[in-house]
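Coordinate-derived values only; no laboratory data. On a predicted model such as this, the values are computed, not experimentally measured, just so you know. Cβ sites come from the backbone with ideal geometry, for glycine too, and all protein chains shown count toward neighbours.
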Amino acid sequence: MTNPVTKDRRHFEDLAVGEVIDLGHETITKDMIFAFAREFDPLPFHLDEEAARNSLLGGLASSGWQTGGLGLRMLVDRFLSTVASCGGLGFRNLKWKNPVMAGDTIGGTVTIAELRRSNSHPQWGIVTLDFDVRNQKDKPVLTMRLANLVECRDAGAPA
Amino acid sequence: MTRWFENITPGEPFPLGSHTFTEEEIIRFGRAYDPQYFHIDPELARESHFGGLIASGWHTVSIGHRKMVDALFAEEERLRGLGEEPGVSGPSPGVNAMDFKVPVRPGDTVTYELVVNDKRASNSIPGWGLLFNRITAVNQRNELVYTADLVSFSKLRDYKMPLRLRLLQALTRVPVIGRRLRRGA
């Protein structure tokens with residue numbers, strides 16, 4: 001039952017705690033903020049520059065869900081698409097540390113914090129990933145700990 | 001909810017409504033934010049253990065957020081209709097826990113509900129309270145899709161700012177001093 005899509009990718013056994021994934025860079029434009037906000041977060045401070053200036057955020061900022069989504073996309077491009085990923089389990093302690101304003105460039109790292117075999121599914125391992133997303137001034141914008149399933153090459157091997 | 005912090009009763013459920021996920025929107029979201037093959041390619045997705053295309057968890061959650069925003073606007077309208085001034089909700093500092101349970105497939109209808117489990121005044125931002133919310137999402141078979149424990153800000157109606165803070169706020173309006181104070185904060 002080899003999965004032809006992921007057979008040549010890195011599997012759970014190939015990963016090591018402490019591995020750091022560089023997220024690259026992504027610039028958030030006004031149009032990106034408006035497009036996401038119209039569909040998922042139509043609050044005035046994500047849709048209207050005047051309202052944004054008068055809000056707690058002090059200017060047009062991306063939805064926190066958009067910032068997290070972009071961080072996720074950067075992780076998929078540089079890591080999850082290169083391993084035998086079987087989907088996410090969820091996350092803990094997501095913190096929006098600073099708003100991402102229109103024109104900001106985000107980047108940062110994701111670090112493998114933990115690796116453990118699944119108790120209920122021996123063919124899977126759980127990789128725990130710590131996000132540290134920052135803006136161009138190196139200020140933190142988002143941190144979270146994501147848990148993702150990765151297929152084991154040898155499900156019969158002792159955990 | 002766009003109720004004043006003081007008017008929110010912990011434990012009271014707020015239904016947020018439902019959303020039916022189409023294949024087109026699952027793929028569009030996946031391409032933009034989570035381009036793993038089981039979120040963007042129905043053919044390749046069959047090879048995965050999911051056996052077909054599924055929505056990104058981030059997509060299901062983003063729709064849940066949209067439903068919450070719509071509910072805030074509806075509550076605001078309702079209160080205005082009663083001749084009352086609605087409360088003010090602020091940005092969210094974060095999410096304590098998010099657990100994805102069963103995947104969402106094209107054609108699935110997900111129903112969302114929010115319960116404020118607890119509330120307290122904010123220690124860091126005077127005049128605002130913190131709400132500890134749980135969002136629960138279930139599909140048309142009543143299977144749990146996800147649970148989320150979120151924190152959000154809500155303005156206090158009955159807050160009286162202490163003299164010390166009122167003076168500080170007045171000082172932040174003086175150009176040079178204000179910039180220094182904000183930088184120090």
* How high is the FRET efficiency between B:TYR159 and A:ARG9 when r is their beta carbon distance and R₀ equals 45 Å, given to the nearest 0.05? -> 0.25
* Asked: Hey, got the Cα dimensions of the protein assembly as shown along the principal axes, in Å, largest first?
  -> 69, 45, 37
* Normalised by the residues of chain B, what does the relative contact order come to in percent, with Cα pairs under 8 Å and at least six apart? -> 26 percent
* To do: Only residues of the range B:1-45 count here: report those whose backbone N is under 19 Å from the spot 7 Å along Cα→Cβ of B:ASP149, or say none.
  => B:10-14
* **Tail fraction, Cα-Cα pairs, the range A:73-145, threshold 13 Å, whole percent** => 71 percent
* Asked: Can you list the equivalent-ellipsoid semi-axes of chain A, largest first and in whole Å, using the square root of 5 times each Cα gyration tensor eigenvalue?
  -> 35, 14, 13
* Give me a single rounded figure for B:56-68: the average over its residues of other chain Cβ atoms within 10 Å of their Cβ. => 5
* To do: Go through the range A:143-153 residue by residue and turn each phi into a ³J(HN,Hα) via Karplus (6.51, -1.76, 1.60, θ = phi - 60°); whole Hz please, and just put x for glycine and proline.
  => 10, 6, 10, 9, 10, 10, 8, 10, 5, 8, 6
* What are the principal axis extents of the Cα atoms in chain B, in Å, biggest first? -> 65, 41, 26
* **Farthest toward positive dipole pole in chain B [+1 Lys/Arg, -1 Asp/Glu at C-beta], among B:PHE14, B:TYR37, B:SER122** => B:SER122
* What's the longest piece of chain A with no exposed trypsin sites (Lys or Arg not before Pro), counting a site as exposed if DSSP puts it in a loop and it has at most 12 other beta carbons within 10 Å? -> A:8-136
* Asked: Tell me, what is the percent relative contact order of chain A, built from C-alpha pairs under 8 Å that lie six or more residues apart?
  -> 28 percent
* Relative contact order, percent, the range A:16-66 [alpha-carbon distance under 8 Å, six or more residues apart] -> 29 percent
